[in-house]
Protein chains: 2
Amino acid sequence: MKLRRSDRMVVISNYLINNPYKLTSLNTFAEKYESAKSSISEDIVIIKRAFEEIEIGHIQTVTGAGGGVIFTPSISSQDAKEMVEDLRAKLSESDRILPGGYIYLSDLLSTPAILKNIGRIIAKSFMDQKIDAVMTVATKGVPLANAVANVLNVPFVIVRRDLKITEGSTVSVNYVSGSSGDRIEKMFLSKRSLKAGSRVLIVDDFLKGGGTVNGMISLLREFDSELAGVAVFADNAQEEREKQFDYKSLLKVTNIDVKNQAIDVEVGNIFDEDK
Amino acid sequence: MKLRRSDRMVVISNYLINNPYKLTSLNTFAEKYESAKSSISEDIVIIKRAFEEIEIGHIQTVTGAGGGVIFTPSISSQDAKEMVEDLRAKLSESDRILPGGYIYLSDLLSTPAILKNIGRIIAKSFMDQKIDAVMTVATKGVPLANAVANVLNVPFVIVRRDLKITEGSTVSVNYVSGSSGDRIEKMFLSKRSLKAGSRVLIVDDFLKGGGTVNGMISLLREFDSELAGVAVFADNAQEEREKQFDYKSLLKVTNIDVKNQAIDVEVGNIFDEDK
């Protein structure tokens with residue numbers, strides 16, 4: 001299909017946005033849109049400049065025989081901070097407090113526009129890392145892991161707390177469940193869901209005692225894989241953690257007052273290195 | 001920020017792709033990129049033409065005071081058919097057969113590029129419907145529902161088979177579990193997750209006896225909501241269903257031969273109306 005330059009720029013931008021972290025040769029575009037490789041090259045220069053101007057992301061040009069362009073999505077620090085501030089305000093709404101001091105967050109983690117932004121913010125903060133897969137635990141972590149994996153363009157793996165026939169052979173580990181640390185449970189991962197030697201980013205919705213994350217870290221060892229990092233939507237600052245691990249959080253809950261129906265939420269540590 | 005036309009087209013395309021089904025006024029772009037509304041209007045004409053040429057989707061212009069542009073994502077019939085054919089080949093791989101005649105599909109439903117395409121194909125086939133939310137049952141349906149909800153830009157709601165404290169008050173219904181229809185179980189939905197009067201698209205990974213989908217349909221009644229349609233990744237043609245409902249499937253499994261490790265898969269009925 002022969003396209004005009006302006007049309008070509010729109011369709012090439014669209015392609016790059018939908019195929020992040022993927023090397024595509026300029027010839028692919030040249031053949032598809034019946035243009036000279038030099039014209040495509042010029043298109044890329046304009047798209048690259050526009051992407052950088054509004055901080056959608058970076059386009060890297062790889063030269064040589066196996067070369068091409070790779071799009072790495074990003075988000076401007078200002079946009080990211082505004083989004084997290086907006087989430088902080090939403091999480092502070094007093095009607096989220098459930099009996100027992102739990103917080104209702106399913107609505108936030110099931111809205112595509114919110115998930116997309118969370119995915120971009122988390123992915124950006126691990127941009128310089130090689131990541132082969134995103135791991136989470138069912139069920140609430142799934143949309144978050146999915147959102148981050150979408151941006152990084154890698155598969156996500158879902159650890160389960162129950163055994164399902166449809167997962168085939170699984171590997172299981174024990175983990176400490178609940179903040180009191182008095183209950184030991186099992187978590188399972190399908191054997192074929194993660195290749196040995198993978199570098200894995202663990203993502204979860206709410207970090208309390210850290211038992212689930214520690215469980216996933218032990219699973220990584222069983223799969224001869226490596227931890228690339230841990231990112232959570234929110235963590236509970238009041239909670240004591242037995243085993244420490246580094247993590248990045250978008251939000252930090254500093255106080256839940258069930259009696260007065262009040263939640264105090266601060267921005268987490270995810271922007272700390274920007275300072 | 002003042003941008004050149006070529007740059008503006010790239011950033012406006014990006015905005016529309018990331019904000020499907022959302023009405024945005026031309027003034028928003030005019031102010032943001034310090035351009036005359038008439039220039040933005042011309043940009044939209046070019047973007048619209050490019051989107052239609054490669055069948056990314058449609059741009060509708062709404063005139064008048066509350067007007068603007070809305071982007072409806074789509075996918076070309078040819079691309080959709082190639083993708084489904086590719087999935088058909090993948091699902092036919094004999095090493096997917098698990099003991100008991102179950103099929104392993106977690107790898108397909110955890111790869112962003114695949115999910116994105118499935119989301120676009122399902123969303124396209126319900127394009128002319130008003131849909132307020134996508135519903136599924138935990139855990140395997142979640143990435144699929146998420147993918148469809150991303151394209152339709154509506155929230156998704158997750159029905160659970162177990163009770164979680166973090167969901168708050170829930171409504172439960174009974175449903176028939178397993179193809180033999182001899183087990184009755186319960187499914188739960190958080191009361192605040194779905195507004196009354198919603199039109200809901202039900203999405204699931206694998207349709208067998210239909211008990212889970214019938215359960216979700218009864219949940220919709222409890223929430224004074226309406227069924228907009230049912231879409232599944234794959235269905236099992238051999239299975240008998242007690243209560244019938246209309247559904248669209250991408251793939252149809254016609255035979256699973258555990259002894260000879262063979263699966264026969266056909267393209268489902270999702271393209272039937274295209275004929």
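The values are calculated or read from the model by the stated rules, or taken from the named source; none is laboratory data. Everything numeric here is computed off the predicted structure, so don't read it as measured data. Virtual Cβ from ideal backbone geometry, glycine too; neighbours counted across all protein chains shown.
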- Residue count, region B:123-143, condition part of a helix (DSSP H, G or I) and without any contact (Cβ under 8 Å) to a residue 40 or more places away in the chain, comes to 2
- Note on the structure: Within region B:139-155, restricting to residues that are at pLDDT 95 or above and facing another protein chain (nearest Cβ under 7 Å), the one that is surrounded by the fewest Cβ atoms within 10 Å (Cβ to Cβ) is B:Asn153
- Task: Scan region A:42-92 for residues that are more than 20 Å from A:Ile12 (Cβ to Cβ) and of a type in the set (Lys, Arg) and report the count.
- Result: 3
- Message: With the structure loaded, tell me whether B:Gly100 is surrounded by fewer than 19 Cβ atoms within 10 Å (Cβ to Cβ), over 17 Å from B:Leu201 (Cβ atoms), modelled with pLDDT under 95 and at the interface with chain A (Cβ under 10 Å from one of its Cβ atoms) or whether it fails that test.
- Response: yes
- Return the only residue of B:Arg88, B:Arg120 being within 13 Å of another protein chain (Cβ to nearest Cβ), not hydroxyl-bearing (Ser, Thr, Tyr) and not in a loop (DSSP other than H, G, I, E, B). B:Arg120
- Query: Can you name the residue in region B:108-132 that is touching a helix residue (DSSP H, G or I) at 6+ places or on another chain (Cβ under 9 Å) and polar (S, T, N, Q) and is also surrounded by the fewest Cβ atoms within 10 Å (Cβ to Cβ) among such residues?
  - Reply: B:Thr111
- List, please: which pairs have Cβ atoms under 6 Å, are six or more places apart or on different chains, and start with a residue in region A:144-170 that is over 15 Å from B:Leu109 (Cβ atoms) and end with one that is polar (S, T, N, Q)? A:Thr170/A:Ser190
- Residues of region B:219-275 satisfying the condition of being of a type in the set (Gly, Ala, Ser) and assigned to a strand (DSSP E or B): B:Ala228, B:Gly229, B:Ala231, B:Ala234, B:Ser249, B:Ala262
- If you scan region A:108-117, which residues turn out to be in contact with a Pro (Cβ under 8 Å, 6 or more places away or on another chain) and either more than 7 Å from chain B (Cβ to nearest Cβ) or of a type in the set (Val, Ile, Thr) (or both)? A:Leu109, A:Thr111, A:Leu115
- Task: Could you grab the pairs with beta carbons closer than 7 Å, sequence gap of 6+ or different chains, first residue in region B:21-35 and of a type in the set (Gly, Ala, Ser), second one not in a helix (DSSP H, G or I)?
- Result: B:Ser25/B:Gly67; B:Ser25/B:Gly68; B:Ala30/B:Ala36
- Has region B:66-78 got any residue that is more than 28 Å from B:Leu26 (Cβ to Cβ), hydrophobic (A, V, I, L, M, F, W, C) and more than 16 Å from the chain's Cα centre (by Cα)? no
- Query: Is it fair to say A:Ser193 is buried (at least 20 other Cβ atoms within 10 Å of the Cβ), of a type in the set (S, T, N, Q), in the same structural domain as A:Phe245 (by the TED database) and more than 19 Å from A:Asn174 (Cβ to Cβ)?
  - Reply: yes
- Query: Limited to region B:16-31, what total is found for residues that are facing another protein chain (nearest Cβ under 9 Å) and assigned to a helix (DSSP H, G or I)?
  - Reply: 2
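Could you please let me know if A:Leu105 is of a type in the set (A, V, I, L, M, F, W, C), within 9 Å of chain B (Cβ to nearest Cβ), surrounded by fewer than 19 Cβ atoms within 10 Å (Cβ to Cβ) and touching a Ser or Thr at 6+ places or on another chain (Cβ under 8 Å)?
no
Can you tell me which residue among B:Gly181, B:Gly209 is on the phi > 0 side of the Ramachandran plot and either modelled with pLDDT under 95 or surrounded by 16 or more Cβ atoms within 10 Å (Cβ to Cβ) (or both)?
The conditions single out B:Gly181.
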- Can you name the residue in region B:44-67 that is under 21 Å from A:Ala50 (Cα atoms) and within 9 Å of another protein chain (Cβ to nearest Cβ) and is also surrounded by the most Cβ atoms within 10 Å (Cβ to Cβ) among such residues? B:Ile47
